[in-house]
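One structure below.
Every number in this text was worked out from the coordinates using simple rules, so none of it is lab data. Keep in mind that this is a model prediction, so the values were computed, not measured. Don't worry about glycine lacking a Cβ; one is built from the backbone with ideal geometry, like all the others, and counts go over all protein chains shown.
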Amino acid sequence: MNEHFKITGRYRTIVKRANGKVEVSEWQNTIHSELKEAVNDAFLVSQNYALDNLFSAVETPPASGKDGIIMYGASHWYSSNCSTSEPTSTSTKVTGVFTGVAATISDIALGFNHAGTDSDSFGVNFADPTTWNNITLTSDDTLTVEWTITVS
Amino acid sequence: MEDNSIIKVCGQYRCTVKREDGTIEQGEWKNTIHADFLGLLESSLATPQDYALNNLMDTVEYNNEQEGGWPTQAEKDGILLRTDSLAFERGSYTTVCGIADGTPTYSKKVTGVFTGYVVTVYEANIGWKLKSIAADPPFDVIIATPTSWSNITLAVADELTIEWTISFS
């Protein structure tokens, strides 16, 4: 038992180049205040903010009402092909795979219930990168983002 | 956007005893967030979970392992008092509860009021969905327990009010 517990997160980017080269890096994230608000509001009225209706394709604009990881490049917000897993009993990992588009990815976001517009507007924005290094992709490269949220 | 790299969940509770002669005794303590709630919160990121305190206890009711079920308070949420020195299932009372936004911004304050019985209160728990029969643990999900507690002995005309605040910062 804990006097308090905390929600934290981090993400890993994995770029698989067309020539087989793999580049991996790992970064801290910033948990968005909307998630804090949703968790608090759920004490009064049951809230659904579960990442259980995931984006299933790389497309712009991202599909309305879906959850997961979106990426900004070539002047558009794209959804990624997402899946989730539980690497430990206290953490949830969302994996987003992006390929087929030549773009410099300059931002990403994780959230619940996307607005379906060419924007980063979610019903509940979970997290953003604390720091981000732009990633330039050709259409044959694949960018995989593994975003892990941990309750501890 | 607020710049948080973490969300911290913590809590505290305040006990106010109003004695029949008008004396007021007050104490404030830290709580321990229970692992049940930690697990529920983690699950809520992937699957919708209900932990809303929206079916609150609304009367003072007693239950123990001999009496078995709660006559009217089964499956309700709020603050439960343990009045047996050993375990909730050996004797506990519900409180009359309310909930409101607390301070700081992302917090909720649950208030439980108890009066009308001569008892010693050995502990309090705040939780979601009181089990249908007397049990220990008494709730489907315990949200928090006292980190420390001083026993409180009450006369029939005394009134104990517990204000329990859970905050997200």
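In table form, for the structure just shown:
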| item | result |
| --- | --- |
| Range of Cα positions in the protein assembly as shown per principal axis (Å), largest first | 81, 35, 31 |
| Per-residue HN-Hα couplings for segment B:22-29 [Karplus 6.51, -1.76, 1.60; θ = phi - 60°; Hz; x = Gly/Pro] | x, 5, 10, 10, 9, x, 10, 9 |
| A:Ile14, A:Ile105, B:Ile24 arranged by Cβ crowding within 10 Å, fewest neighbours leading | B:Ile24, A:Ile14, A:Ile105 |
| Partner chain coverage, peptide A:41-53 - average Cβ within 10 angstrom | 6 |
| Among B:Asn31, B:Ile143, B:Val60 the positive-end extreme of the charge dipole of chain B (Cβ point charges) | B:Asn31 |
| Degrees, to the nearest 10: B:35-44 long Cα axis against longest axis of chain B | 40 |
| Residue-by-residue Karplus 3J(HN,Hα) for segment B:76-87, coefficients 6.51, -1.76, 1.60, Hz, glycine and proline x | 8, 10, x, 10, 10, 9, 8, 10, 10, 5, 9, 7 |
| Those lysines that a straight Cα-Cα span of less than 30 Å connects to B:Lys109, excepting residues fewer than 8 apart in one chain | A:Lys6, A:Lys36, B:Lys8, B:Lys18, B:Lys30, B:Lys76, B:Lys129, B:Lys131 |
| Shape parameters for segment A:7-151, alpha-carbon atoms, Rg then Dmax in Å | 14.7, 53 |
| Label-point separation in nm, A:Asp118 to B:Ala100, each point 7 Å along Cα→Cβ | 4.9 |
| Dipole magnitude of the protein assembly as shown about its Cα centre (Cβ charges: Lys, Arg +1; Asp, Glu -1), debye to nearest 20 | 640 |
| Check: segment A:7-151 dipole with +1 on Lys, Arg Cβ and -1 on Asp, Glu Cβ, in debye | 360 |
| Estimated Rh, segment B:9-163: Kirkwood, alpha-carbon pairs, angstrom | 15.8 |
| Cβ-derived FRET efficiency at R0 25 Å, B:Glu159 paired with B:Asn55, nearest 0.05 | 0.60 |
| Under-5 Å amide H pairs with B:Lys131, H placed in peptide plane, nonlocal only | B:Glu75, B:Phe139, B:Asp140 |
